[in-house]
Amino acid sequence: MTETLMVLLKVSIAVLIAGVGAGTSPSELTYLWRRPGLLLRSLTAMYLVVPAVAFGLVLIIPVEPGVKAAMLVLAVSAGAPLLPRRLKNLNSQQYIFSLLITSSLVAIVAVPVWAAMLDAYFDATVELSLRTVVSDIAEAVLLPIMIGMAARAMFPSWSERLSDRVLMIAGVVLAASGVVLLVVHREHLVGLTLPGVLALAALMIFALFIGHLFGGPEPDNRSALAIACATRHVGIALIVATEFVGAKTLVLVIAYFVTAFTVSSIYLTWRRRSQQAGNARLHP
């Protein structure tokens, strides 16, 4: 059953990314490249600061090896968020789409480098060759988004209408598959110690704060980067997690994503209400 759920997870992620591609234009992909300051801050937050925080948490908090392995996966799996879908309501779609492609390209080099540098400190051995990472990311991320963009180019009106529906269905399948996987392997969650839970929760909270801090003056960009830092990249995380023997690392990573989805939704609600309150004060 675990193998079936993994297939559903990977297929739903690919379809989700294809749906994103179907709603993306070439100009939106290069949005971030034309803004070097925002590009530098975004990549620094996702690929340097958040992994450094994960490294520090593992050194400070005495967590079990399974949690350390999950923390390693989350630390190296930086990228733009695929969830929650509510990000589509932000006025920063160009930034979000551009961040998805840019972070996937950077991950080709960053993931194996970070894994090689950190695995000794996380009590985990991960051997990710550049060739493996390139092929996996191309298959799981770049190819689906190219298919989606090709569909948009050939059938613009049809693909844009279908994009939202595809995102909704794929998101539901992804969430349901993750929850079922957690139920099937719940013994890995029951055995978590308090320090392990605190370490994973701290990583999520610090990552949200880091993205919020580095997002710049534009409120929606700040919210998007906060979500990107906290949720990490589920597609890349699954690629790295499958390198570990057994289901525990994978289960903990999925549990993190399920929790991050809930926390990020609360964060987005807070951000939206704060902006509405600010607008009300400016325009009484």
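Residues 198, 32 in ascending order of nearby Cβ atoms (within 10 Å, fewest first): 198, 32. Judged by the mean number of other Cβ atoms found within 10 Å, the most tightly packed of the peptides 40-46, 212-218 leads the ranking 40-46, 212-218. Our estimate of slack between residue 274 and residue 192, defined as 0.36 nm per intervening residue step minus the Cα-Cα distance, is 26.0 nm. Let me know the shape class of region 138-182, please: from the alpha-carbon gyration tensor, a ≥ b ≥ c as square roots of the eigenvalues, rounded when a/c is under 1.5, otherwise prolate if a/b is greater than b/c, or oblate. Oblate shape, in that a/c is at least 1.5 and b/c is the bigger or equal ratio. Shape summary of the chain, radius of gyration then Dmax from alpha carbon positions: 18.2, 59 Å. Each Lys and Arg adds +1 at its Cβ and each Asp and Glu adds -1 at its Cβ; summed about the Cα centre, the chain shows a dipole of about 1000 debye. A Gaussian network model of the chain, with springs between Cα atoms under 10 Å, assigns the largest mean-square fluctuation among 138, 18, 54 to 138. Which helices pass in the chain if a helix is a full DSSP H run, must span at least 20 angstrom along its long axis by Cα, and must have mean Kyte-Doolittle hydropathy not below -1.0? For the chain, where a helix must reach 20 Å along its axis and average at least -1.0, the hits are 2-22, 93-118, 156-184, 194-214, 248-282. Between the residues 176, 157, 49, the greatest Cα displacement towards the positive end of the dipole of the chain, with unit charges on the Cβ of Lys, Arg, Asp and Glu, is found for 157. If the chain linking residue 243 and residue 209 were pulled fully straight, counting 0.36 nm for each residue of separation and taking away their Cα-Cα distance, it would gain 9.3 nm.
Values in this text are rule-based calculations from the coordinates and carry no lab data. Quantities reported herein were computed from a predicted structural model and do not represent experimental measurements. Cβ sites come from the backbone with ideal geometry, for glycine too, and all protein chains shown count toward neighbours.
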